[in-house]
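The values are calculated or read from the model by the stated rules, or taken from the named source; none is laboratory data. All figures in this text were calculated on a predicted structure; none of them were measured in a lab. Note that each Cβ is placed from the backbone with ideal geometry, even for glycine, and that neighbours are counted across all protein chains shown.
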């Protein structure tokens with residue numbers, strides 16, 4: 001077995017510190033005052049000592065938020081500091097901006113182009129429309145065959161006179 005590393009006086013001081021770190025005998029107290037290693041050991045031993053936790057009074061933590069709020073400075077309620085005329089002015093401003101934007105958009109639009117009808121063409125197109133109604137399924141030959149022989153002769157003479165003769 002190897003020899004102890006600590007001197008006899010330090011071993012006796014450690015034994016006394018283990019027994020009661022607060023109340024040391026006079027000779028051990030003198031040694032602890034002069035020996036920094038033993039003084040540190042006593043401090044560490046005292047730090048390890050378990051003391052019962054301090055008990056809080058009943059309801060301490062239940063009333064804690066109230067007490068904290070009472071200690072804070074009081075905030076004044078802001079209330080309604082905005083007057084009705086301020087809201088009316090804001091509404092009028094919003095309306096003016098919206099109306100100005102709408103009118104600016106109307107100004108920037110391209111002019112509307114409308115088609116116009118020549119009055120001379122309207123009479124001709126009306127005649128064409130009456131001659132050829134929409135949805136008629138008969139062709140010209142079937143109409144020609146429904147004519148009497150005298151009417152068919154008259155139509156053929158009109159067509160011959162109307163067609164130009166090419167040389």
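Tabulated data
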read-out: Only one of 69, 46, 121 that is surrounded by 10 or more Cβ atoms within 10 Å (Cβ to Cβ), modelled with pLDDT under 90 and either at positive phi or assigned to a helix (DSSP H, G or I) (or both); value: 46
read-out: Members of the range 1-43 found to be buried (at least 16 other Cβ atoms within 10 Å of the Cβ) and assigned to a loop (DSSP other than H, G, I, E, B), listed by number; value: 21, 24, 35
